[in-house]
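Below is one structure, written out as structure tokens; comments come after it.
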Amino acid sequence: MEIVIVETQQQAGELVAEAVVALVERKANPVLGVATGSSPGAVYRELGRRVAQGRLSLKDTQAFMLDEYVGLPADHPQRYRTVIDREFVQPTDIDPANVHGPDGSAQEIEQACADYERAITNAGGIDLQILGIGTDGHIAFNEPGSSLGSRTRLKTLTRQTREDNARFFDDDVASVPKHCLTQGVATIMEARHVVLLAFGQSKVEAIHHMVEGSVSAMWPATALQFHPHVTVVLDESAASRL
Ligand code: GLP
């Protein structure tokens with residue numbers, strides 16, 4: 001695991017954008033994994049800046065989302081597909097048809113999850129996965145107790161995650177969905193390069209466990225200790241217990 005400590009989120013954005021640029025220059029049909037949450041925001045803004053300046057094009061890039069709430073209407077501003085459209089698709093001008101996510105409104109959930117796994121495989125797998133981490137150590141929506149061998153499936157969100165995410169729902173925990181579809185830990189582990197971003201005091205414990213703790217399903221991000229190519233980008237406060 002390579003740990004990089006930066007002073008500002010903007011620096012983190014530049015660093016990860018550089019990795020995306022290098023991938024796009026190296027590979028004809030690159031595949032990105034995109035995360036929601038506030039942590040990757042600076043990355044998407046920096047990618048958007050470079051696209052606007054004509055220094056980057058994602059026209060041949062495919063992107064796969066990590067997860068999606070179940071039960072939010074298609075036009076809900078916090079549906080993850082809507083968030084990704086707003087924060088990643090619009091600034092980078094990537095073709096929305098090349099951006100894929102698990103179908104949180106599917107009637108046949110198991111089929112939708114299997115279809116999503118197959119779509120990732122058919123695209124050639126994820127080259128670069130942009131990842132955040134929950135305060136309880138979840139990655140995507142793999143909550144504590146998730147099998148480290150898990151694939152895309154339906155999960156129930158913990159109270160803690162719903163409280164953490166209530167800030168996106170007018171601070172009303174009751175409005176945060178209780179279920180989601182999420183790539184599994186094993187799905188994420190197949191990405192060829194994982195770049196995890198974490199900022200601020202609230203992530204200290206999760207980062208401490210992820211980097212220095214025992215590998216355990218109770219801290220799902222610890223699985224990344226087995227991944228051959230992980231870059232962890234932190235600010236001073238998230239790194240303060242390392
Ligand atoms: C949500 C997402 C995760 C994300 C986490 C942290 O639970 N499903 O993918 O990593 O939030 O979010 P933030 O970056 O806003 O702290």
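A short reminder: the numbers here are calculations on the coordinates, not readings from a lab. Predicted model, so just to flag it, every value in this text is computed and none were measured. All Cβ positions, even for glycine, are placed from backbone atoms using ideal geometry, and neighbour counts span all protein chains on display.
In plain terms, the chain from Arg192 to Glu25 could stretch by 58.5 nm, reckoned as 0.36 nm per residue minus the Cα-Cα distance.
From the Cα gyration tensor of the stretch 173-242, with a ≥ b ≥ c the square roots of its eigenvalues, which class applies: rounded if a/c is under 1.5, or else prolate if a/b is larger than b/c, or else oblate? It is oblate, given that a/c is not under 1.5 and a/b is not larger than b/c. Extension gain for the segment Arg167 to Arg86, taken as residue separation times 0.36 nm less the Cα-Cα distance, is 27.4 nm to one decimal.
Indicate the gyration tensor shape class of the chain (rounded, prolate or oblate), computed on the Cα atoms with a ≥ b ≥ c the square roots of the eigenvalues: a/c under 1.5 is rounded; otherwise a/b larger than b/c is prolate and the rest oblate. Cα axes put the chain in the rounded bin.
Extension gain for the segment Glu18 to Asp60, taken as residue separation times 0.36 nm less the Cα-Cα distance, is 13.4 nm to one decimal. Can you give the helix-only mean residue ellipticity at 222 nm for the chain, where every DSSP H stretch with n ≥ 4 adds -39500 (n - 2.57) and the sum goes over all residues, rounded to the nearest 500 deg cm²/dmol? That comes out to -8500 deg cm²/dmol. Counting only DSSP beta bridges whose two residues both lie in the chain, roughly 30 percent are antiparallel. Count Lys and Arg as plus one, Asp and Glu as minus one, and take only other residues whose Cβ is under 14 Å from that of Thr36; the net charge is then -1. Highest mean packing first, where packing is the average number of other Cβ atoms within 10 Å per residue, the peptides 200-206, 74-80 line up as 200-206, 74-80. Using the Cα gyration tensor of the stretch 13-70, with a ≥ b ≥ c the square roots of its eigenvalues, what is the shape: rounded (a/c below 1.5), prolate (a/b larger than b/c) or oblate (neither)? Here the stretch 13-70 falls in the oblate category.
Can you compute the modelled spin-label distance between Ala97 and His229, with each label point 7 Å from Cα toward Cβ, in nm? Result for the modelled spin labels: 2.9 nm.
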